[in-house]
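Q: Dumping the structure here so I can ask a few things about it.
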Amino acid sequence: MKKIGIGLLGLGTVGQGVANIISNPTDRHPLVEELELIGVSVRNLQKKRDISLPDSIFTTDPIEVVNNPNIQIIVEVMGGIEPAKSLIIQAIRAGKSVVTANKAVIARYGEEIANEAKAAGVYVLIEAAVGGGIPIIEPLKQSLGGNQITKVSGIINGTTNYILSRMDKEGVNYADVLKDAQQLGYAESDPAADVEGSDAADKIAILSGLAFGGPITRADIPTKGINLLEAIDVNYARKLGYGIKLLAISEKENSQSKSKESQPLSIWVEPTLVPENNPLAGVNGVNNAILVEGNPIGRVMFFGPGAGSGPTASAVVADILNIAGIQSMSEDKPFNLDPLLSAKSWKKCHVAHQKEITKKNYIRLIAEDTPGVIGEIGTIFGKKKISIESIVQFDASDSEAEIVVITHKIKLGQLDQALSDIKNLSQVKRIAATMGCL
Ligand code: NAP
Ligand code: HSE
């Protein structure tokens with residue numbers, strides 16, 4: 001059998017993991033032995049790398065790799081939007097299948113790229129773009145295809161879960177633990193994407209598109225990260241029996257949309273209080289966990305390492321093997337695209353307005369420590385028909401009180417109205433934090 005030529009765009013954390021697997025095929029699937037690394041493009045040829053590859057396959061010009069006639073599969077693991085997006089499209093137009101871990105590109109240009117791939121009769125596979133080593137993309141496309149999916153949610157950013165877990169368990173400070181996450185290769189090249197929630201928003205956009213059958217406008221997803229999270233909220237959450245996790249949630253709104261209407265989806269990313277007995281509370285470190293709910297399956301949870309060289313490379317190589325398997329069966333004939341592996345959408349979906357999101361909320365208010373203030377706050381919530389699960393006054397010092405309210409499930413529009421009235425109470429100094437709560 002002819003070897004299958006692989007071109008790597010990028011040899012950083014993920015690229016080196018992929019090269020490692022290809023260079024060491026023993027005891028892996030026999031197709032790994034049929035893969036041959038033909039070209040590698042990097043920015044800096046002098047950089048010291050953890051893997052030794054022949055100098056002859058390196059270049060600083062990614063186009064050389066894309067156009068190399070001995071390469072059949074292009075693996076884009078350079079990151080960023082450009083030139084990555086243009087290179088993916090150039091590879092497709094050159095008749096090559098692409099494997100990419102680039103959620104930023106797929107969340108924004110996935111539909112355009114899928115259309116290009118369909119026209120060229122090639123695959124673009126993206127297992128590594130969400131959940132690191134966890135198989136979640138292909139299960140959504142294939143194994144769960146018989147279900148009516150109602151909700152996809154979970155922890156889908158390894159860096160922030162690593163940071164939150166270490167801050168909670170070891171009391172390590174935010175800046176130090178972020179540096180550790182960067183050194184371990186978990187964080188994006190600009191870690192703002194992790195801590196501000198944008199990486200998780202990219203990933204939930206991709207998962208929603210697959211689960212609900214229609215591309216999602218990435219820019220419409222309300223997104224809050226952990227960068228503004230204060231230690232005091234972690235502390236209060238713990239006292240109330242909760243941990244804090246950065247969650248991404250995507251669910252069908254209750255309204256039954258007729259098949260031709262665009263399906264409204266509530267999608268959001270924010271730090272969320274998770275009860276200590278919830279399965280997500282036990283997901284620590286770099287691990288991710290994705291819950292998929294649907295009919296008739298009920299609820300399934302996908303769990304495992306959500307970032308890092310080896311786990312992400314495992315997902316990239318799975319995609320390479322899928323394509324290589326089909327290519328090797330077709331030998332020199334143009335291969336027949338497998339409809340389950342190919343990207344497709346069958347419905348229109350749109351992200352519902354933020355005020356339509358229905359959820360439980362945690363609110364921390366700073367107020368004067370005077371009699372009757374909790375009563376006045378409760379009255380405003382009551383007038384807006386917001387039912388309160390608990391209201392607790394924590395530390396009072398310098399005549400200031402910290403009041404924490406947990407609501408039952410309400411629409412965010414209702415909460416906004418209540419908070420705007422509460423802000424106007426003379427005893428209330430400020431609304432210090434709002435978060436989700438499970
Ligand atoms: P990385 O360590 O920063 O590596 C990026 C690689 O691409 C480097 O080898 C770099 O060259 C090369 N590169 C970047 N820009 C280039 C350009 N304009 N021209 C040529 N080469 C260029 O990144 P990474 O962590 O491996 O991530 C790569 C992709 O995988 C990103 O899309 C990321 O979101 C995604 N991903 C990462 C993880 C993870 O755990 N790290 C997990 C899942 C998905 P030099 O080495 O010469 O600088
Ligand atoms: N920076 C990402 C994370 C990499 O921490 O989850 C995996 O996609």
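The values are calculated or read from the model by the stated rules, or taken from the named source; none is laboratory data. Values in this document were obtained by computation on a predicted structure and should not be read as measured data. Here the Cβ is made from the backbone with ideal geometry for all residues, glycine too, and neighbour counts use every protein chain on show. Each accessible area value is taken on the protein alone, full model and side chains, heavy atoms only, with ligands, DNA and RNA left out. Shrake-Rupley method; radii C 1.70, N 1.55, O 1.52, S 1.80 Å.
Residues checked against (1) among the polar types (S, T, N, Q); (2) at pLDDT 90 or above; (3) outside any loop (DSSP other than H, G, I, E, B):
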site	(1), (2), (3)
236	no, yes, yes
244	no, yes, yes
251	no, yes, yes
254	yes, no, no
260	no, no, no
265	no, yes, yes
269	no, yes, yes
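Q: Among (1) open to solvent by less than 10 Å² (accessible area, probe 1.4 Å); (2) within 18 Å of the chain's Cα centre (by Cα), there is one condition residue 237 misses while meeting the rest; what is its number?
A: The failed condition is (2).
Q: Then there is this: Restricted to the range 358-389, and to residues that are of a type in the set (D, E, K, R) and in a strand (DSSP E or B), which residue is farthest from residue 407 (Cα to Cα)?
A: Here the answer is 368.
Q: Let me ask something else. Collect the residues in the range 181-195 that are closer than 18 Å to residue 288 by Cβ and of a type in the set (D, E, K, R), keeping them in residue-number order.
A: 188, 194
Q: If I ask for residues that are in contact with a helix residue (DSSP H, G or I) (Cβ under 8 Å, 6 or more places away or on another chain) and part of a loop (DSSP other than H, G, I, E, B), which ones from the range 198-216 would you list?
A: 215, 216, listed by residue number.
Q: Still on this structure, please answer the following. Does residue 121 satisfy being at positive phi and not assigned by TED's automatic domain parsing to the domain that holds residue 299?
A: For residue 121, the condition - at positive phi and not assigned by TED's automatic domain parsing to the domain that holds residue 299 - is met.
Q: Pick from 178, 140: which is more than 16 Å from ligand 1 (Cβ to nearest atom) and part of a helix (DSSP H, G or I)?
A: Being more than 16 Å from ligand 1 (Cβ to nearest atom) and part of a helix (DSSP H, G or I) holds for just one of 178, 140, which is 140.
Q: Within the range 144-193, take every residue that is within 12 Å of ligand 2 (Cβ to nearest atom) and of a type in the set (D, E, K, R) and give me the one that is least open to solvent (accessible area, probe 1.4 Å).
A: The selected residue is 188.
Q: Could you list, ordered by first residue, the pairs with Cβ atoms under 7 Å in which the first is in the range 36-59 and within 18 Å of residue 317 (Cα to Cα) and the second is of a type in the set (Lys, Arg) and more than 9 Å from ligand 1 (Cβ to nearest atom), at least 6 apart or interchain?
A: 36/3
Q: Check 352, 307 and return the single one that is touching a helix residue (DSSP H, G or I) at 6+ places or on another chain (Cβ under 8 Å), modelled with pLDDT of 90 or more, open to solvent by less than 60 Å² (accessible area, probe 1.4 Å) and not aromatic (Phe, Trp, Tyr).
A: Every option except 307 fails the conditions.
Q: Shifting gears a bit: Determine whether residue 284 is part of a loop (DSSP other than H, G, I, E, B), over 18 Å from the mean Cα position of the chain (by Cα), farther than 25 Å from residue 78 by Cα and not hydroxyl-bearing (Ser, Thr, Tyr).
A: No: the conditions fail for residue 284.
Q: Go through (1) in contact with a Leu (Cβ under 9 Å, 6 or more places away or on another chain); (2) closer than 24 Å to residue 77 by Cα; (3) within 16 Å of ligand 2 (Cβ to nearest atom); (4) not acidic (Asp, Glu) for residue 198 and report which single condition fails.
A: Against the list (1) in contact with a Leu (Cβ under 9 Å, 6 or more places away or on another chain); (2) closer than 24 Å to residue 77 by Cα; (3) within 16 Å of ligand 2 (Cβ to nearest atom); (4) not acidic (Asp, Glu), residue 198 comes up short only on (1).
Q: Return the total of residues in the range 62-110 being under 23 Å from the mean Cα position of the chain (by Cα) and either surrounded by fewer than 16 Cβ atoms within 10 Å (Cβ to Cβ) or at pLDDT below 95 (or both).
A: Looking only at that region, the number is 5.
Q: Step by step: first the residues of the range 240-282, then only those that are among the charged types (D, E, K, R) and farther than 15 Å from residue 350 by Cβ, then the one that is most open to solvent (accessible area, probe 1.4 Å). Which residue is that?
A: Among them, the one singled out is 276.
Q: In the range 118-133, what count of residues is obtained for those that are under 12 Å from the mean Cα position of the chain (by Cα) and of a type in the set (A, V, I, L, M)?
A: 3
Q: Considering only the range 318-344, state which residues are open to solvent by 10 Å² or more (accessible area, probe 1.4 Å) and at pLDDT 95 or above.
A: The answer is 318, 321, 322.
Q: Let me ask another. Only one of (1) surrounded by 23 or more Cβ atoms within 10 Å (Cβ to Cβ); (2) in contact with a Phe, Trp or Tyr (Cβ under 7 Å, 6 or more places away or on another chain); (3) more than 24 Å from residue 113 (Cα to Cα) is not met by residue 45, so which one is it?
A: (1)
Q: Go through the residues of the range 205-223 one by one and say whether even a single one is open to solvent by 50 Å² or more (accessible area, probe 1.4 Å), at pLDDT below 95 and acidic (Asp, Glu).
A: no
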